[in-house]
Amino acid sequence: MNCDRLITALAGRLEEATVAHSDGDECKLTVPFERVDHDAISLWIRPTDQGYHVTDRGETYGMLYLSNVTLDQERRKRRLNSIRERYDLETAKYEISLYADENDLGQRLLDAVQAVQSISHLLFTRQKYTQSDSQSDV
């Protein structure tokens, strides 16, 4: 079996499914990976003097906020801090961001995607509630 062919096929498909466009002085990169809410992950990359700044512009936090997941609870703070350390993030609470240089940009973009996915999984720590309707209350 030619495993190199598999890697080439995967790389080609990832390239086809990734959308990049200029957004002012930044590049918006939408990758074929999703957060837990099934929205595609978008990252904004801006060149800096030391390399690149990569951010999700708070989209992951916004999704958690709209789902009524507060990041101020101690157990979520610990999990968030663990994710921040694991992926060497600059910030992880309101905005997921990190810095990369030219040599490690590819790996750092993967780190950002994985961090977005990991943090979005905090949605599963929310307590379920059942919403009653007026007909069943009567």
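Points worth noting:
- Label-point separation in nm, CYS3 to ARG126, each point 7 Å along Cα→Cβ: 4.1 nm
- Highest average first, the peptides 64-76, 7-19, 80-92 ordered by how many other beta carbon atoms sit within 10 Å of their residues are 80-92, 64-76, 7-19.
- The mean sequence separation of alpha-carbon pairs under 8 Å and at least six residues apart, normalised by the residue count of the chain, gives a relative contact order of 21 percent.
- Each listed q (0.11, 0.19, 0.26 Å⁻¹) maps to a log10 I(q)/I(0) for region 43-114 from the Debye sum over equal C-alpha point scatterers, namely -0.28, -0.75, -1.18.
- Helix-only CD estimate at 222 nm, as mean residue ellipticity for the chain, using -39500 (n - 2.57) per DSSP H run (n ≥ 4): -12500 deg cm²/dmol
- Full-extension gain in nm, ARG75 to THR18, via 0.36 nm per residue minus C-alpha separation: 17.1 nm
- For the chain, diffusion coefficient by Stokes-Einstein and Kirkwood Rh (Cα), 37 °C, 0.692 mPa s, µm²/s: 196 µm²/s
- Cα→Cβ-extended label distance, 7 Å offset, between LEU10 and GLN117, nm: 1.1 nm
Just so you know, all these numbers are worked out from the coordinates, no wet-lab data involved. Computed from a prediction, not measured in an experiment: that's the story for all the values here. Using ideal geometry, Cβ is built from the backbone for each residue, glycine included, and neighbour counts are taken over all protein chains shown.
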